[in-house]
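The values are calculated or read from the model by the stated rules, or taken from the named source; none is laboratory data. Computed from a predicted model, the values in this text were never measured in an experiment. Quick reminder, even Gly has a Cβ in these numbers, built from the backbone with ideal geometry, and neighbours come from all protein chains shown.
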């Protein structure tokens, strides 16, 4: 999966588990990551914000329906790794 697909999957899972605000925040940040120029400070800040959410004490604290904790944290880790590659 590419970065956009991973973020969509995370947002869909968050929405399905009633974490609407978090899903919307991630979507808004991803728009900046995907549309702004590579060196744009808003894009870099969006990436940093998304990376900070990939912590076990942030996204990892959410209970996500129909997925194990390991699967959820693996997806978060994959998201973080993809974000670090585009930074």
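For the list (1) under 22 Å from residue 63 (Cα atoms); (2) without any contact (Cβ under 8 Å) to a residue 24 or more places away in the chain; (3) loosely packed, with under 15 Cβ neighbours inside 10 Å, I need the number of the one condition that residue 9 fails.
For residue 9, the exception is condition (2).
So residue 64 clears everything in (1) under 17 Å from residue 23 (Cα atoms); (2) in contact with a helix residue (DSSP H, G or I) (Cβ under 6 Å, 6 or more places away or on another chain); (3) assigned to a helix (DSSP H, G or I) except one condition, right? Which one?
Just one mismatch for residue 64, condition (3).
Quickly run through the range 32-41 and pick out the residues that are surrounded by 12 or more Cβ atoms within 10 Å (Cβ to Cβ) and either part of a helix (DSSP H, G or I) or touching a residue at least 24 places away in the same chain (Cβ under 8 Å) (or both).
Listed by number, the residues that qualify are 32, 33, 34.
Looking only at residues that are surrounded by 12 or more Cβ atoms within 10 Å (Cβ to Cβ), in contact with a helix residue (DSSP H, G or I) (Cβ under 8 Å, 6 or more places away or on another chain) and without any contact (Cβ under 8 Å) to a residue 40 or more places away in the chain in the range 70-87, which one is nearest to residue 2 (Cα to Cα)?
Per the criteria, the residue is 80.
Between a first residue in the range 49-68 that is on the phi > 0 side of the Ramachandran plot and loosely packed, with under 11 Cβ neighbours inside 10 Å and a second residue that is assigned to a helix (DSSP H, G or I) and modelled with pLDDT of 95 or more, which pairs have beta carbons less than 6 Å apart while being 6 or more apart in sequence or on different chains?
none
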